[in-house]
Every structure is written in structure tokens, then in C-alpha cells.
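To start, the structure under review is shown below, and the notes come after it.
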Amino acid sequence: MEEKRNKAAGIGGLISAAVLPFIIGLILALVIGWWAFPLVLFKEVPQPVAFKHSPHSEVMECADCHFLREDGSFSGIPTTAECASCHESAQGESRAEAEYIEKYVNGEQEAPWLVHQKQPDNAFFSHAAHSLESCQQMGCHADYEKAEDLCITCHPSTADLDKPVPYLENRLTGYSNSTMKMWECERCHANPNHLDMTNANNACYTCHK
Amino acid sequence: MASVSKEFKVKWGMVIDVDKCTGCGACMVACQAENNIAPVTDASDKRRSLNWLLVYELSNGKAYPEHEVAYLPRPCQQCGSYPCASVCPVVATDKNEEGGIVSQVPSRCIGCRYCMAACPYHARYFNWFDPVWPSGMDKIITPDVSVRPRGVVEKCSFCHHRFMQAKDRARVAGKDVYDLEDGEYITACTETCPNGAIAFGDLLNEKHRVYHLSRSKYAFRLLERLGTEPQVYYLSKREWVRRQGDNYLQNEPTPVKG
């Protein structure tokens, strides 16, 4: 009897001696993996201009700056000339604007904007296929009333933000942390609601070039 | 080998009139420029250089007064029953997109080259070198075609990016992307051929020129009896040219179409 109890206590001690370090190790690993590693991996890079969407979306439509051209290509970020139609002279008193006018409008050069969504060279993306018109032609998604509702299924909602979305660059790959991964495209493309109902195709060649 | 040919609503195909081809090679140059094929240091080394589209010279084998030559441009045949995709261990190549173009995804390819061994047309090439453009020439890189690193297999894609662009154009115009008009989507070689020897379009759409050309009695396909069902047709009124499209026994008559 006596011996057995001792043995049981020994096993209990063994378990706590083995399990406790394991749990501590696991917690440590999770903290490092989820918190510390991303902190080390991504560095914040400032946009060339402290551009805010909010003052602009009050006076303009999204499509004034982001629109599809007639040939089907997407005019992503406007050129300095387009911005200069208003910013020829200062619209307000902010320093950001003064700096922008000084450097880009008067300097007549394009701002090297950082695109959060920028895809690698081997991926093909088309905004024409994901436009509201294309969506509505299929007769689906009555829940999307304006283009913006659709944009934010893939992009962070920038329209009402009064500061730029921080651009986090992966130190190893050079891509931003908010670029869409293949599995995120697949969430729609492999979805049976899209696959046979629309032209959303899950063939490799649809998105790869 | 996949024994059943895959069927699509739209089947992009090419019809090349061998009698119109002068062998000038403009199509090869256009292809090279369009698809970001970098010049290699020694292009005379045919084991290490690559062409998505290659012009072959055919000869009737007779002596001078009867001697005749013909030129036969050879892109990927985009087979309906594709020997290459069925051997690919990693699905880097497949034929599953509407339009019937055989895909080639370089980022997926592991460079095992089974597909090259399987292709009866030698339409596939291994990339031996990382592409290097002479300074200045890199400015003409086509943005919608990815640049392939060394160690992968590549091949003609029927200028697939032009297909995507044509669809986007149709979308913005509110048209059906699977009912493109004749000429809305053509390959770079088709556009460039100074003699109009290459026709490109939907083989299943009566409004397209290739629909009729491919059904001509002078039309033939390469190694037709292998059952690969290519989507590339050739035209020639000369029987000896048609005869070179396949391996016939000496006394075997050339088959006559419908």
C-alpha cells in the first residue's frame, strides 16, 4: 500500500514537472509567434504624402479618382496632374497639403504611392471583373448599393479614415501585410455560389500569368 | 494520356495557311517581344535556347526543277486531349478554363520536364537561364506577362493575357465575355504576320473566320492520328505539305476531308 501511494505521487510529480514546462513553453511560443515575430517581421513605411480620404470623399465620388477605363483596365491611383486640378493652389492650411504642393505639384512629379494590395508578378487581377456593374449584371448582391460596399470586401475601408492606413512591409518579401493571399481569392472563387453561377473561374490560368 | 477530349463553349483556335507563309519569322519576333522571352547569349545553341513559336522549314525532297519548300509555324497546339497536363505531378499545367487554352503556371512548375517528354510537338521548352535584358530593353517588358525564372518549363499561351484584356474590355462595354467578336482577341503572331497567314478566333463560333477555315477540305492538323485533338489547324492546297502533317506509309493515300 505504502509503496503504491508513493509511486502515484511520483507519477503526479512527474506529470506536473513535465506538463508545466510544456504549457509555459507553449504560451511562450504563441506569444513569440503571434506578437513578437510579426512585430519584427513587419516594418511600418510612411506613404510619400499624408493623404487622407475623408476630406476628399466629402467633395468627390470614389470613381473620380478610381475608375475603369474604356479598354477595361483600371485607373488605380490618380496622377499628380489630376490632383493638381484642385491643388494648383492650397485648399486649406494643413502642412501635409503644403508639402504635397511644394514637392509634387510644383515639382511636377508623381508620388511613389505604396499600394497595400500590390500582387506579385505572377498573379493577374482585374477590377473590371470585380466591379459593381459586373456584380449586378449577374443579378446577385442586391446588398451592395454603392461601389464602396464592394471595395471593402477586399480592401481596408479607407473612405472615412482621416489618417492613412499604416503600410506594413514584410522585411523578408517586401510585400505589404494586407496584400491578398491566394486563399483569400479562393474564398470567393471556389465558393459554389460563384463558381458555377458567375464567370468566377477556379482555373489556375484565371489568376496566374 | 487523357483519352477523352475536354469540351468547352468557346474554343480558341488558330488556322495557319502554310501556302501564305513566307517563313519571314516576324511571328517569332512578335511572340518573343510580347511574351517577355529574354535574348540569350548564345542563341545558336538550340539545346539551351527557347521559342514559344518556331517556324519549321519543310521540303518535298525532290531535285531542282520540282523542288519546293514550305514553312510551318508551330505554336503550342492547345490539344483537346492533352498529353502534357496528364503527366504533370503538380498541376502546373492544365486545361480547365473556358476557351480551352492549356495553362502553364510557372510559379507552380517544379521543372521536372515530364511534360516536355510527353508533348509530341516539342512545343515546350525548359528555361535554362535567368532572363537578362540588355539595359534599356527591359522597358519593353509586357506587364501582363510574368517573367519566368530559370528552372521552369514554358510554352505558348495563345497570348492568354490578351484574352483577359479582351474580356475586361467586353465587361466594361457591358457585353458577354464568352461571345467576343471576331478579332477582339487575337495573338501577337496573328497581329504581326505581314501576309495574313494566321487566323485566330473561336472554332465553335460561326461568326468567326476560323470556324469556316478549320472546316476547309485543305485543313489538317499535326499528327492527327495520335488523337490529341489540337486546336491549331493548318491549310495547304499542296498535298505533299498535308502529307508531312503526319507519318504516312509510302503507299498510303492522304486522307481527304468531307
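Against the test of being acidic (Asp, Glu), open to solvent by 40 Å² or more (accessible area, probe 1.4 Å), more than 14 Å from chain B (Cβ to nearest Cβ) and touching a residue at least 40 places away in the same chain (Cβ under 8 Å), the options A:GLU61, A:GLU99 yield a single qualifying residue, A:GLU99. Filtered by the rule that a residue be hydroxyl-bearing (Ser, Thr, Tyr) and open to solvent by less than 10 Å² (accessible area, probe 1.4 Å), segment B:50-106 gives B:SER81, B:THR93, B:SER103.
Filtering segment B:95-114 to residues that are under 13 Å from B:LYS155 (Cβ atoms) and within 14 Å of chain A (Cβ to nearest Cβ) leaves B:LYS95, B:ILE101, B:VAL102, B:SER103, B:GLN104, B:VAL105, B:PRO106, B:CYS109.
Checking each residue in segment B:239-258 for being of a type in the set (Lys, Arg) and more than 22 Å from the chain's Cα centre (by Cα) picks out only B:LYS257. Restricted to segment A:64-96, and to residues there that are among the hydroxyl-bearing types (Ser, Thr, Tyr) and away from chain B (no Cβ under 14 Å), the residue that is surrounded by the most Cβ atoms within 10 Å (Cβ to Cβ) is A:THR80. Each residue in segment A:109-123 was checked for being of a type in the set (D, E, K, R) and more than 8 Å from chain B (Cβ to nearest Cβ), and 2 of them qualify.
Apart from one condition, B:GLU154 fits all of (1) out of contact with any helix residue (DSSP H, G or I) (no Cβ under 9 Å at 6 or more places or on another chain); (2) more than 26 Å from B:GLY25 (Cα to Cα); the exception is (2).
Every residue, every condition in (1) modelled with pLDDT under 85; (2) open to solvent by 70 Å² or more (accessible area, probe 1.4 Å), yes or no:
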{"residue": "A:GLN109", "(1), (2)": "no, yes"}
{"residue": "A:CYS140", "(1), (2)": "yes, no"}
{"residue": "A:ASP149", "(1), (2)": "yes, no"}
{"residue": "A:SER157", "(1), (2)": "yes, no"}
{"residue": "A:PRO164", "(1), (2)": "yes, no"}
{"residue": "A:TYR167", "(1), (2)": "no, no"}
{"residue": "A:MET180", "(1), (2)": "no, no"}
{"residue": "A:HIS189", "(1), (2)": "no, no"}
{"residue": "A:MET197", "(1), (2)": "yes, yes"}
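Of the residues examined, B:LYS167 is one that is touching a Phe, Trp or Tyr at 6+ places or on another chain (Cβ under 9 Å), farther than 27 Å from B:PHE126 by Cα, without any contact (Cβ under 8 Å) to a residue 40 or more places away in the chain and within 14 Å of chain A (Cβ to nearest Cβ). Only a single criterion out of (1) touching an Asp or Glu at 6+ places or on another chain (Cβ under 7 Å); (2) among the hydroxyl-bearing types (Ser, Thr, Tyr); (3) more than 12 Å from chain B (Cβ to nearest Cβ) is not satisfied by A:SER126, namely (3).
Taking the criterion of being within 12 Å of chain B (Cβ to nearest Cβ) and touching a strand residue (DSSP E or B) at 6+ places or on another chain (Cβ under 7 Å), the residues of segment A:159-209 that qualify are A:CYS207, A:HIS208. Only residues that are within 18 Å of A:HIS127 (Cβ to Cβ) and out of contact with any Phe, Trp or Tyr (no Cβ under 9 Å at 6 or more places or on another chain) were counted across segment A:188-209, and they come to 6. Residues in segment A:85-98 that are assigned to a helix (DSSP H, G or I) and closer than 15 Å to A:VAL49 by Cα: A:HIS87, A:ARG95, A:ALA96, A:GLU97, A:ALA98.
The values are calculated or read from the model by the stated rules, or taken from the named source; none is laboratory data. If you're wondering where the values come from, they're calculated on a predicted model, not measured in any experiment. Every residue, glycine as well, gets a Cβ built from its backbone with ideal geometry; the counts of neighbours run over all protein chains shown. Please note that ligands, DNA and RNA were not included when accessible areas were found on the heavy atoms of the full protein model with its side chains. Shrake-Rupley method; radii C 1.70, N 1.55, O 1.52, S 1.80 Å.
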